[in-house]
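The values are calculated or read from the model by the stated rules, or taken from the named source; none is laboratory data. No experiment lies behind these values; they were computed from the predicted model shown. Because the Cβ atoms are built from the backbone with ideal geometry, glycine has one as well, and the counts that use them run over all protein chains shown. With ligands, DNA and RNA removed, areas are computed over all heavy atoms of the protein, side chains included. Shrake-Rupley method; radii C 1.70, N 1.55, O 1.52, S 1.80 Å.
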Amino acid sequence: MTDNRVQELAQTRDQALGCQRCGLWRTRQHVVFGEGNPYATLLLIGEGPGATEDARGRPFVGQAGKLLDRALADAGLPRGDLWLTNLVRSRPCTLQNGGLRNRAPLAGEVAACRVWRDAEFDLVAPRVILCLGSVPASYLIHKDFRLNAERSQVFELEGTKCLATYHPSYPLRLAGEDYGRVFGALVADLKLAGALASE
Ligand code: SF4
């Protein structure tokens, strides 16, 4: 596939790799631009890269990414068919005890990074956007979004269906029945989003 969409995404990514629009550039190793199928009908968006993603320059490749891969496999959705991205493309973190600790992105950082998010959304033009966790849902769906109450509900975002599910880092913090329940809900939401994207 070598049409304009592919070229424009590559050009936009190249521009983003040098971005200093917010202060997160100071501690990052890599800008983590979205990746996947430029023709994806389903786009997944998290809040920001973690340490592994920052080190490798790719989204969802750490422990949470591995769990997401297992959930995608259970949902019958090949990762390569999707577009995966984040609200911010540099790792949101704070210096603490001589190391870097992950944190949620600040509103100003999300606003600064919106230029790249909008470019990805416009170029990929998915039918469905699935927010991974309440942080992206609070920016894309509505600011008071409550995951437990509104998970799986389908909203509209400028003509695109948009819904939210758990971030794949959440089940990693659970065990036993709780793990099974949340992982199962994640798989069910991925299936729902996949079905909506295929309509
Ligand atoms: S988070 Fe986004 S806006 Fe901030 S420096 Fe990184 S790419 Fe630029």
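When only residues in the range 148-167 that are surrounded by 15 or more Cβ atoms within 10 Å (Cβ to Cβ) and either in contact with a Gly (Cβ under 7 Å, 6 or more places away or on another chain) or among the acidic types (Asp, Glu) (or both) count, which is farthest from Asp81 (Cα to Cα)?
Within the range 148-167, the subset surrounded by 15 or more Cβ atoms within 10 Å (Cβ to Cβ) is 150-151, 155, 160-167.
Next, from what is left, pick out any that are either in contact with a Gly (Cβ under 7 Å, 6 or more places away or on another chain) or among the acidic types (Asp, Glu) (or both): 150, 166-167.
On the way: Glu150: 26, Tyr166: 20, His167: 19 Å.
Checking each candidate, the answer is Glu150.
Restricting attention to the range 1-16, report how many residues are of a type in the set (A, V, I, L, M) and within 13 Å of Ala119 (Cβ to Cβ).
The qualifying residues number 3.
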Any chance Glu156 is at pLDDT below 95 and on the phi < 0 side of the Ramachandran plot: no
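Please pick out the residue among Gln20, Gln29, Gln11, Gln7 that is more than 10 Å from the ligand (Cβ to nearest atom), closer than 22 Å to Gly108 by Cβ, modelled with pLDDT of 95 or more and surrounded by fewer than 22 Cβ atoms within 10 Å (Cβ to Cβ). Give the steps one after another, and end with the answer.
Values: Gln20 fails: more than 10 Å from the ligand (Cβ to nearest atom); Gln11 fails: closer than 22 Å to Gly108 by Cβ; Gln7 fails: closer than 22 Å to Gly108 by Cβ.
On inspection, the qualifying residue turns out to be Gln29.
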Residue within the range 61-78 that is under 19 Å from Ala16 (Cα atoms) and either open to solvent by less than 50 Å² (accessible area, probe 1.4 Å) or touching a Phe, Trp or Tyr at 6+ places or on another chain (Cβ under 6 Å) (or both) present: no
Per-region count, the range 1-36, residues in a loop (DSSP other than H, G, I, E, B) and of a type in the set (A, V, I, L, M, F, W, C): 7
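Residues that are within 16 Å of the ligand (Cβ to nearest atom): list the helices (runs of 4 or more DSSP H) wholly contained in the range 51-132 that include at least 1 such residues.
Details: elements: 51-56, 63-75, 107-124.
Answer list for the range 51-132: 51-56, 107-124.
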Cβ pairs under 6 Å, 6+ apart, first in the range 109-121 and under 19 Å from Thr160 (Cβ atoms), second more than 6 Å from the ligand (Cβ to nearest atom) and open to solvent by 30 Å² or more (accessible area, probe 1.4 Å): Val110/Tyr139
Unique residue being in contact (Cβ under 8 Å) with a residue 40 or more places away in the chain and not acidic (Asp, Glu) when the list is Asn86, Asn148, Asn97: Asn86
Residue within the range 37-46 that is away from the ligand (no atom under 16 Å from the Cβ), open to solvent by less than 50 Å² (accessible area, probe 1.4 Å), assigned to a helix (DSSP H, G or I) and on the phi < 0 side of the Ramachandran plot present: no
Cβ-Cβ under 6 Å pairs, at least 6 apart or on other chains, the range 23-42 side closer than 21 Å to Pro78 by Cα, far side small (Gly, Ala, Ser) and near the ligand (Cβ under 10 Å from one of its atoms): Phe33/Ala16
Filtered residue count, the range 136-147, keeping only those that are in a helix (DSSP H, G or I) and open to solvent by less than 40 Å² (accessible area, probe 1.4 Å): 5
